[in-house]
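The numbers here are math on the coordinates, done by the rules we state, and not lab data. Quick caveat: nothing in here was measured; it's all calculated off a predicted structure. Glycine gets a Cβ as well: all are built from the backbone with ideal geometry, and neighbour counts include every protein chain shown.
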Amino acid sequence: MKITLDSTILVRAFDDTGGLARCLLSTILDGNHGLVLSSEILAETSRVLRYPRMQARHGMPESRIYEYVMFLQAAAMMVRPDPMLVAPIRDPNDIVVVQTAMIGGADAICDPVFPEGCARIERSEIPMPRYFAFLRAINVGGHHLVKMEALRAHFEDLGFVAVETFIASGNVIFQAKSAKSAELEGKIERHLERVLGHTVAAFLRTESELAAIHTHAVDGLEGAPVPNIGFLAAPIGALARAALMALQTPTDEFHLHGREMYWLCRTRQSESPVTIARLERAIEAKVTFRGAGTVARLAAKYKLTGA
């Protein structure tokens, strides 16, 4: 069983060595269970332990608090809460606890906000994360043609729900229980290669990630031509960056930001001396491009922050 503990429980486990909170933490760590935490929960725990009244009570030096927090970080499965996940709780600190449990796939949450102290998570009641899959090599140049109805069915075969497609260029929106994008990408790629008969790279982004991409395209590149946005599996290294910048021409300019590549093309892309094949060879990585307008329409349709 995987369990998420609130910072209040973690503070009590530190402060009261013989209390129920310490026993609960020890049971989770010593037994066949998993502790699911986030940096936000640990930051709140550290902050509370440093309160003057708390330090007056437990009398522990700064180094002991640091060691405790580092111990928890090493012992737990650390996840990053997705702020786009809705949690029906008013206190922001408690919302983070629920988001941590949801992203980490926890079976239960222990938090004083619940009447019994702990609450088992019913999976059917948890809003699943929404993902945006940008597929490479789908309906490009008259090749690898796939009807959107069939593509939706392939995603549903994987157990995903609320599956939608957006225009016919390989954009699939779906919800899934898993919070691990890399695992989902691999699962999608293996399934599509099996049913379509050719390799299809999948680049997943969460709602918060796509909102940030849209904001960067609008605000971060203000005054520049509307860019094409390239989705990468991971940020590229220094050598690949140098190779990319070597491709720049008077009409082609590239910017990198995280796992995205912004291509400012001041002519028709078909007239540019830079081709996607040449670009991929230079950076030694796969990439799929979408127009900034497509991303903007997705952000508006799904009411993403910043749209």
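Rounding to the nearest 10 and keeping the result within 0 to 90°, find how far the Cα-based axis of helix 92-104 lies from the longest principal axis of the chain.
60 degrees
Please compute the net charge surrounding ILE236, taking Lys and Arg as +1 and Asp and Glu as -1 over other residues with Cβ under 14 Å from its Cβ.
Numbers: positive: ARG241, ARG259, ARG281, LYS286; negative: GLU260, GLU280, GLU284.
Net charge around ILE236: +1.
Name the residues whose placed amide hydrogens come within less than 5 Å of the amide hydrogen of TYR262, ignoring near sequence neighbours (fewer than 5 apart) on the same chain.
The list, which skips near neighbours in sequence, is GLY230, HIS255, LEU256, HIS257.
Using a/c under 1.5 as the rounded threshold, could you call the range 240-293 rounded, prolate or oblate? The axes a ≥ b ≥ c are square roots of the C-alpha gyration tensor eigenvalues, and prolate needs a/b larger than b/c, oblate otherwise.
On the way: a/c = 1.42, a/b = 1.17, b/c = 1.21.
Taking the square roots of the gyration eigenvalues as a ≥ b ≥ c, the range 240-293 is rounded.
Select from PRO235, PRO129, PRO52 the residue whose mean-square fluctuation is largest in a Gaussian network model of the chain (Cα-Cα springs shorter than 10 Å).
Residue with maximal mean-square fluctuation among PRO235, PRO129, PRO52: PRO52.
Rounded, prolate or oblate for the range 130-301? Axes are the square roots of the Cα gyration tensor eigenvalues, ordered a ≥ b ≥ c, and the cut-off for rounded is a/c under 1.5. Write down the numbers at each step before the final one.
Values: a/c = 1.72, a/b = 1.51, b/c = 1.14.
Prolate, because a/c is 1.5 or more and a/b exceeds b/c.
Work through the residues other than PHE134 whose Cβ is under 13 Å from its Cβ and net out their charges, Lys, Arg +1 and Asp, Glu -1. Before the final figure, lay out each step's value.
Numbers: positive: ARG136, ARG205, ARG259, LYS286, ARG290; negative: GLU185, GLU189, GLU209, GLU260.
Neighbourhood net charge equals +1.
Starting from the Cα-Cα distance between ALA153 and HIS191, subtract it from 0.36 nm times their residue separation and give me the gain in nm to one decimal. Mind dumping the intermediate values first?
Values: separation 38, 0.36 × 38 = 13.68 nm, distance 1.17 nm.
Length difference between fully extended and current span is 12.5 nm.
Would you mind telling me which residue in ARG53, ARG80, ARG290 has the biggest mean-square fluctuation in a Gaussian network model of the chain, where springs connect alpha carbons within a distance under 10 angstrom?
ARG53
Within the range 155-250, which GluC sites (Glu not before Pro) sit in a loop by DSSP and count at most 10 neighbouring Cβ atoms inside 10 Å?
Sites meeting the loop and neighbour criteria: GLU222.
How would THR215, THR199, THR4, THR206 line up from fewest to most surrounding beta-carbon atoms within 10 angstrom?
Details: THR215 15, THR199 12, THR4 31, THR206 21.
Going from least to most buried by this count: THR199, THR215, THR206, THR4.
Using Cα atoms only, what is the angle between the long axis of helix 181-196 and the major principal axis of the chain, expressed in degrees (0 to 90) to the nearest 10?
40 degrees
Counting other C-beta atoms within 10 Å, and keeping those with at most 15, which DSSP coil trypsin sites (Lys or Arg not before Pro) do you find in the range 235-273? If you can, show how the numbers build up before the last one.
Values: sites: ARG241, ARG259, ARG266, ARG268; in loops: ARG259, ARG266, ARG268.
Those that pass, being in a loop and sparsely packed, are ARG266, ARG268.
Please report the antiparallel percentage of DSSP beta bridges with both residues in the chain, rounded to the nearest 5.
Beta bridges within the chain, antiparallel portion: roughly 80 percent.
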